[in-house]
1. In nm, to one decimal, how far is the modelled label at Thr68 from the one at Thr102, with both set 7 Å along Cα→Cβ?
2. So the label point goes 7 Å from the Cα of Val44 along Cα→C-beta, right? Which residues of the stretch 115-152 then have their backbone N under 19 Å from it?
3. Quick one: give the max-minus-min coordinate of the C-alpha atoms of the stretch 125-221 along each principal axis, largest first, in Å.
4. Could you state the number of Å between the C-alpha centres of the stretch 122-160 and the stretch 40-94?
5. In Å, the Kirkwood hydrodynamic radius of the stretch 33-118 over pairs of distinct alpha carbons?
Amino acid sequence: MHLSGHRAIRALAVFLVLALGVTALLPLTARAANQVTGLISTCVTTTPYVVGATVALIDANGINPTLTTVSGPGGLYVFTPPTGSYTISVSSPGYYPASSSTPQRFDGSRNVRIDLCLNRYGSPSKVLVVTVLNGGSPVSGASVTALNLSNPTGRPQVITTNTTNAAGSTNLTLWSAQFLLRASAPDYQTDQSVDVSTQSTTTINLVAGPRPFVVRNASVVT
């Protein structure tokens, strides 16, 4: 056979191998393309999109374990979960957390999109110096938590928590708004309201007694 004929046969063989390989991969590619995805944006203005937000994919029926990822460029997140009905929960520093309420069914036959927006904390930031005392003496190691009771989520939210130093003092980075401060130490807990728009320092005197309510999952439970 002529040399050019051999080359033609080899070229045809290579083409057939490549074609068969692509054909075999097509079903896998199609399956991988179907995902739960969406964009995490800023409420009201939409942009900037929120990059670096923690996104949790939650099975509404509790069958499949919760999956987590981080939003990438343009606020995009992607999951490839097993079949189930899902909601998402999103959190990011400087934003109030948010969750979708209606479960979306995913069975791999199509893409499912769940977008969500986050409300920003107030600005500009302001440092509040909190001193915790017990009987006039500073309390070292006390936990001080700031809760924002009035916000776009419609429920109390924990904004920040810090621990007092040897002088009984700690700094909380907040903004000009009304907050509920909770100072706690073994056998003590005291709640106190503070208006950060008019105050840059405040003192909490611990009082012994039962705790009026506890915080679970960033919500106040009575």
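1. 2.8
2. Correct set: 116-126, 148-152.
3. 38, 28, 17
4. That distance is 28 Å.
5. 12.8
The numbers here are math on the coordinates, done by the rules we state, and not lab data. Fair warning: this is a prediction, and the values are worked out from it, not measured in the lab. We place every Cβ from the backbone using ideal geometry, glycine too, and count neighbours over all the protein chains shown.
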